[in-house]
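Written below as C-alpha cells is the structure these notes are about.
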Amino acid sequence: MKRLAALLALAAFSAAAWAGPKTVTLSVPGMTCPACPITVRTALSRVPGVSKVEVDYPKRTATVVYDEGKTTIAALEKATEDAGYPSSVKAQ
Ligand SMILES: [Cu+2]
C-alpha cells in the first residue's frame, strides 16, 4: 500500500512538472502567394521554444508546436505580424 501511494505521488509530481509541447493553429489570412509560407515559417521557427512549424498555404494556416514554458501564443502572433503577416488563433 505504501508503494502504491509512492507511485501515485510520483505520477502527480510528473504531471505537474510536465509542461510539454503544445500545438496551436494560427490563421494567417495575409498569405497571398506560394512564397509567403516560407516567410511565415521562418519567422515562427525563430521564436525560442518553437520546435515545429507547418504552414498550409491553401488553408492559410500555420500549425506550431511550441514549449509553453518558453514562449506564448502572443509571441507567435507577434512574430508573424512583424514579418508582415498578422495572425490569430484558429485552434489550440
Ligand atoms: Cu507571397
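The values are calculated or read from the model by the stated rules, or taken from the named source; none is laboratory data. If you're wondering where the values come from, they're calculated on a predicted model, not measured in any experiment. Positions of Cβ are backbone-derived with ideal geometry, glycine not excepted, and every protein chain shown enters the neighbour counts. Quick note on the areas: whole protein, heavy atoms, side chains included, nothing else; ligands and nucleic acids left out. Shrake-Rupley method; radii C 1.70, N 1.55, O 1.52, S 1.80 Å.
Structural remarks
- Residue that is surrounded by the most Cβ atoms within 10 Å (Cβ to Cβ), among those in segment 54-73 that are farther than 11 Å from V24 by Cβ and within 13 Å of the chain's Cα centre (by Cα): V55
- Residue that is farthest from the chain's Cα centre (by Cα) [pool: residues in segment 76-92 that are closer than 15 Å to M31 by Cα and assigned to a loop (DSSP other than H, G, I, E, B)]: G84
- Count - residues of segment 40-53 that are surrounded by 14 or more Cβ atoms within 10 Å (Cβ to Cβ) and more than 16 Å from the ligand (Cβ to nearest atom): 4
- Leading residue by the ranking (farthest from the ligand (Cβ to nearest atom)) among those in segment 24-39 that are under 10 Å from P86 (Cα atoms) and open to solvent by less than 10 Å² (accessible area, probe 1.4 Å): L26
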